[in-house]
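The structure appears right after this line, and notes come after that.
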Amino acid sequence: MSLLLSIETATTNCSVSLSENGKTLALKEDYSNNFSHAEKLHVYIDSLLKENNIKPNQIDAVAVSKGPGSYTGLRIGVSAAKGLCFALNKPLISIPTLTSLSHQIRIEKGKIVSMLDARRLEVYSAVFDSSHIQIRDTQAEIVDTNSYNIYLDKGKVFFIGTGVQKTKELLNHTNAIFIEDKLPSANEMSELSYQKFKTGEFEDVAYFEPYYLKDFVAIKPKN
């Protein structure tokens, strides 16, 4: 039996799950448009363990969403995960955020584009086939009217994530299907982290860093 704790903080959703052998046992999250990770993440972890009568040292590993996503959100999630791993002497597992997001939908044919909103017309995106196998590298790209035509011209393409709204306003293709109001969640991390746990695909707790994709740029407040 493997009992895993998963943490997802790459977007505004502060999400924590407990899973056993790849199946989610319990999920606690703040599925909102406001960042609440600093206030709620540790509270969620503590209450999730207590509500399920699990002591911290009973978990076998900690999984964390590695990015891309919000710089601050990722740092909070990874810091919490690394702290637990150090304190409990447990292995750390990282899950690509866009991969877990793609698992929120099931399709028989076509492609899935997981996308997270970045600045202006930019998104962080990755492309997956109907089996959730990644077929294009994760990129930071500016969306225009011709984006993803290489896939759209060949069949249905399902867009999911916080980048959908800006993409929907630019793409006018009959094969484009937009799935709105979906955020990455620790729920989909359960099976993905279990597969890595079974194969011993762990991170170096001391040196692991989130996958930011781009350098952090501070935006000066307007006077």
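The values are calculated or read from the model by the stated rules, or taken from the named source; none is laboratory data. All of these numbers come straight from a predicted model, not from anything done at the bench. So basically every Cβ, Gly included, is an ideal-geometry build from the backbone, and we count neighbours across all protein chains shown.
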Residue identified as over 14 Å from the mean Cα position of the chain (by Cα), buried (at least 17 other Cβ atoms within 10 Å of the Cβ) and under 24 Å from Ala126 (Cβ atoms) among Leu27, Leu48, Leu74: Leu27
Residue match in segment 109-130 (condition: within 14 Å of the chain's Cα centre (by Cα), part of a helix (DSSP H, G or I) and closer than 20 Å to Tyr148 by Cα): no
Evaluation of Asp117 against (1) surrounded by 12 or more Cβ atoms within 10 Å (Cβ to Cβ); (2) touching a residue at least 60 places away in the same chain (Cβ under 8 Å); (3) of a type outside the set (A, V, I, L, M, F, W, C) (one fails), failing number: (2)
Test: residue in segment 58-70 that is over 22 Å from Glu209 (Cα atoms) and surrounded by fewer than 16 Cβ atoms within 10 Å (Cβ to Cβ): yes
Residues located in segment 88-107, provided they are more than 18 Å from Lys198 (Cβ to Cβ) and among the aliphatic types (A, V, I, L, M): Leu88, Leu98, Leu101, Ile105, Ile107
Residue in segment 150-172 that is of a type in the set (Ser, Thr, Tyr) and more than 27 Å from Ile93 (Cβ to Cβ) present: yes
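Got a number for residues in segment 131-150 being part of a loop (DSSP other than H, G, I, E, B) and over 19 Å from the mean Cα position of the chain (by Cα)? Give the derivation first.
Residues of segment 131-150 that are part of a loop (DSSP other than H, G, I, E, B), as a first pass: 131-133, 143-148.
Pick out the ones that are also over 19 Å from the mean Cα position of the chain (by Cα) and you get 143-148.
Count: 6.
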Selection from segment 26-57 of residues that are polar (S, T, N, Q) and in a helix (DSSP H, G or I): Ser47, Asn57
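Take segment 170-205 and flag every residue that is assigned to a strand (DSSP E or B) and more than 21 Å from the chain's Cα centre (by Cα).
Matches in segment 170-205: Ala176 only.
Given the criteria assigned to a loop (DSSP other than H, G, I, E, B), basic (Lys, Arg) and either at pLDDT 95 or above or crowded, with 18+ Cβ neighbours inside 10 Å (or both), does Lys90 qualify? So that I can check it myself, show each step before the final result.
Details: assigned to a loop (DSSP other than H, G, I, E, B): yes; basic (Lys, Arg): yes; either at pLDDT 95 or above or crowded, with 18+ Cβ neighbours inside 10 Å (or both): yes.
Considered against the rule, which asks whether it is assigned to a loop (DSSP other than H, G, I, E, B), basic (Lys, Arg) and either at pLDDT 95 or above or crowded, with 18+ Cβ neighbours inside 10 Å (or both), Lys90 comes out as yes.
Please determine, by comparing only the residues of segment 151-169 that are assigned to a helix (DSSP H, G or I) and aliphatic (A, V, I, L, M), which one is surrounded by the most Cβ atoms within 10 Å (Cβ to Cβ).
Among those residues, the one meeting the criterion is Val164.
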Every pair of residues 6+ apart whose Cβ atoms lie under 9 Å, when the first sits in segment 81-110 and is without any contact (Cβ under 8 Å) to a residue 24 or more places away in the chain while the second is polar (S, T, N, Q) and assigned to a loop (DSSP other than H, G, I, E, B): Arg106/Ser130; Glu108/Ser130
Any chance Leu152 is modelled with pLDDT under 95 and either of a type in the set (A, V, I, L, M, F, W, C) or farther than 20 Å from Pro96 by Cβ (or both): no
